[in-house]
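The values are calculated or read from the model by the stated rules, or taken from the named source; none is laboratory data. Remember, it's a predicted structure, so these values are computed and weren't measured experimentally. Cβ atoms come from the backbone with ideal geometry, glycine included; neighbour counts cover every protein chain shown. With ligands, DNA and RNA removed, areas are computed over all heavy atoms of the protein, side chains included. Shrake-Rupley method; radii C 1.70, N 1.55, O 1.52, S 1.80 Å.
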Amino acid sequence: MENYYQPEIECASREQILAIQNEKLVAQVKHVYKNVKYYRDLMDKKGVKPEDIKSVDDLYKLPFLTKADLRDAYPYGLLGCDLKKCVRIQSTSGTTGRRVVAFYTQKDIDIWEECCARAIVAAGGSNEDVCQVAYGYGLFTGGPGLNGGSHKVGCLTLPMSSGNTERQIQFMRDLHSTILCCTPSYAAYIGETLKDMGYTPDDIDLKAGIFGAEPWTEEMRRDIEKSLGIKAYDIYGLTETSGPGVSFECSAQTGMHINEDHFIAEIIDPDTGEVLPEGSKGELVFTSLDKEAFPLLRYRTRDICVLSREKCPCGRTHVKMSKPMGRSDDMLIIRGVNVFPSQIETVLLKEGYSVNYMIEVDRAHNTDTLDVYVELTPEQFSDTVKAVAQKEKELAAAITQMLGIRPVVHLVAPKTITRSEGKAVRVIDKRKLHD
Ligand code: ADP
Ligand code: ZN
């Protein structure tokens, strides 16, 4: 049976959700216009007044907010209330080198934690569970967000933070953790370490994992599910919108429900800014609906995905977003071809390799080069040199077929590629160093 944390909201009718969104949007726009000079100036420049926004249908009239705006306004320029009312600051992990600080009032934190609680319950969590939070704690939103959600659900919370993987497994065994929260790359590493320590999934009590904060493929999901003996759920969010829990997966595992009572999602064409019809692939844009300290209207996430309103068997009615296939910043243009690292990951896992890989892009004689380093599994490592060379050729051919450009594949010894305890860094683009 499907459980919900807040069934009346999570399963509300479309009309009810729209009524909530309309009412909250009008108030949020007024709040921003009154308190955030930076955005008021943007609205004035566009000639939009708060009175022009009467419902969700008027959303398109509002100006976008971008990462560049956040950088300009750093640190206090987008603050929506008196600092005295704020109780917390969190910051991005800086994946794209742009630091963002976000502020929270106690009400903002309560809502954020409720969103995370919805995700935990959707993954089958209840007060019977021991929830091991192995996202980093600190400025990064992963640890604090899931920690708060776990408390709200009433799980026995194990605030491990990331790192010290053998101890993670020891506690997991001794304290019978049933839910694991961390990045998918760290979950894969924990699965690998479990095996290295001589255990099987039968030696632990985990039943579910809530993994997010970075892109991961369906192939990787299956690998993690197998190595830990669990069902693996996706969770999405970004510091700007509070953190993880903006959307989360349900038992259907076909996209993440966006918490529409707190956020309005739009998909736009990243080049023209035009709002695209439902079902189109484009850049995800969020409008917060009830944030006090760090309200963001029409914030461009740079994440590329698709929204769907197809009826979900779980009973939840909120719109679903597909797994982001990587952010527009992650997209590599190699010899004029658009390449997402996730496409390479898909091929590797399909061909029986591990998620331990590294992509290196460089430029030689005015031509882009693409090198893919992939770890052999211990079983594969015993192959002869000739057999390995043959495997490299086959893998290069499979990647060429997916991408349309040919990489040089290097199969390397087991355990030679650095493991990730947080967000994995899998691309080194050396071209940026030369330009
Ligand atoms: P940073 O931008 O420094 O990584 P955040 O920690 O706030 O800062 O990361 C938010 C970003 O992480 C999102 O915009 C998105 O690109 C990525 N992300 C978060 N959750 C997921 C997920 N479940 N799948 C894919 N990408 C995700
Ligand atoms: Zn669902």
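Checked against the criterion of being within 29 Å of A134 (Cα to Cα), open to solvent by less than 30 Å² (accessible area, probe 1.4 Å) and not acidic (D, E), the candidates L376, L395, L370, L411 yield just one match: L376. Among the residues making up segment 105-128, a single one is surrounded by 24 or more Cβ atoms within 10 Å (Cβ to Cβ), among the charged types (D, E, K, R) and away from ligand 2 (no atom under 16 Å from the Cβ): D108. Looking across T367, T377, one residue alone is polar (S, T, N, Q), out of contact with any Phe, Trp or Tyr (no Cβ under 6 Å at 6 or more places or on another chain) and more than 21 Å from K226 (Cβ to Cβ). It is T367.
Listed by position, the strands (runs of 3 or more DSSP E) contained in segment 296-359 that have at least 2 residues being at pLDDT 90 or above and within 16 Å of ligand 2 (Cβ to nearest atom) are 299-308.
Considering only residues of segment 402-435 that are part of a helix (DSSP H, G or I) and in contact with a helix residue (DSSP H, G or I) (Cβ under 8 Å, 6 or more places away or on another chain), which is nearest to E351 (Cα to Cα)? For segment 402-435, the residue satisfying everything is M402.
For first residues located in segment 312-334 and of a type in the set (G, A, S), partners that are within 16 Å of ligand 2 (Cβ to nearest atom) and part of a loop (DSSP other than H, G, I, E, B) and lie 6+ apart or on another chain with Cβ distances below 6 Å form the pairs G315/E2; G315/C11; S322/G255.
Take the conditions (1) closer than 19 Å to C86 by Cβ; (2) within 16 Å of the chain's Cα centre (by Cα); (3) surrounded by fewer than 24 Cβ atoms within 10 Å (Cβ to Cβ); G136 misses just one of them, which is (1).
Here are K226, K231, K281: which of them is touching a helix residue (DSSP H, G or I) at 6+ places or on another chain (Cβ under 7 Å) and among the basic types (K, R)?
K231
For Y199, the conditions (1) surrounded by fewer than 24 Cβ atoms within 10 Å (Cβ to Cβ); (2) closer than 27 Å to K323 by Cα; (3) at pLDDT 95 or above all hold with the exception of (2). The set of residues in segment 54-88 that are without any contact (Cβ under 8 Å) to a residue 60 or more places away in the chain and surrounded by 17 or more Cβ atoms within 10 Å (Cβ to Cβ) comprises D69, A73.
Across segment 224-260, the qualifying residues are those that are acidic (D, E) and crowded, with 21+ Cβ neighbours inside 10 Å, and the one among them that is nearest to ligand 2 (Cβ to nearest atom) is E249.
Name the single residue, out of those in segment 271-289 being crowded, with 16+ Cβ neighbours inside 10 Å and closer than 12 Å to R302 by Cα, that is farthest from the chain's Cα centre (by Cα). So, considering only residues that are crowded, with 16+ Cβ neighbours inside 10 Å and closer than 12 Å to R302 by Cα, the one farthest from the chain's Cα centre (by Cα) is G282. Could you tell me whether H176 is closer than 21 Å to Q90 by Cβ, open to solvent by 10 Å² or more (accessible area, probe 1.4 Å) and at pLDDT 95 or above? Against the criterion (closer than 21 Å to Q90 by Cβ, open to solvent by 10 Å² or more (accessible area, probe 1.4 Å) and at pLDDT 95 or above), H176 does not qualify.
R327 satisfies every condition listed in (1) open to solvent by 20 Å² or more (accessible area, probe 1.4 Å); (2) more than 15 Å from W216 (Cα to Cα) except (2).
Of all residues assigned to segment 279-293, none qualifies as being free of Cβ contacts under 8 Å to residues at least 12 places away in the same chain, touching a strand residue (DSSP E or B) at 6+ places or on another chain (Cβ under 6 Å) and assigned by TED's automatic domain parsing to the domain that holds V29. Before we move on, is A188 assigned to a helix (DSSP H, G or I) and open to solvent by 10 Å² or more (accessible area, probe 1.4 Å)? For A188, the condition - assigned to a helix (DSSP H, G or I) and open to solvent by 10 Å² or more (accessible area, probe 1.4 Å) - is met. Can you find even one residue in segment 365-382 that is in contact (Cβ under 8 Å) with a residue 60 or more places away in the chain and in contact with a helix residue (DSSP H, G or I) (Cβ under 6 Å, 6 or more places away or on another chain)? Checking segment 365-382: not a single residue is in contact (Cβ under 8 Å) with a residue 60 or more places away in the chain and in contact with a helix residue (DSSP H, G or I) (Cβ under 6 Å, 6 or more places away or on another chain).
Only one of the numbered conditions (1) open to solvent by less than 60 Å² (accessible area, probe 1.4 Å); (2) farther than 23 Å from T141 by Cα; (3) assigned to a helix (DSSP H, G or I) is violated by D44, and that is (1). Residue pairs whose Cβ atoms lie under 8 Å apart, separated by 6 or more positions or on different chains, with the first residue in segment 32-53 and in contact (Cβ under 8 Å) with a residue 60 or more places away in the chain and the second among the charged types (D, E, K, R) and open to solvent by less than 90 Å² (accessible area, probe 1.4 Å), are V32/R40.
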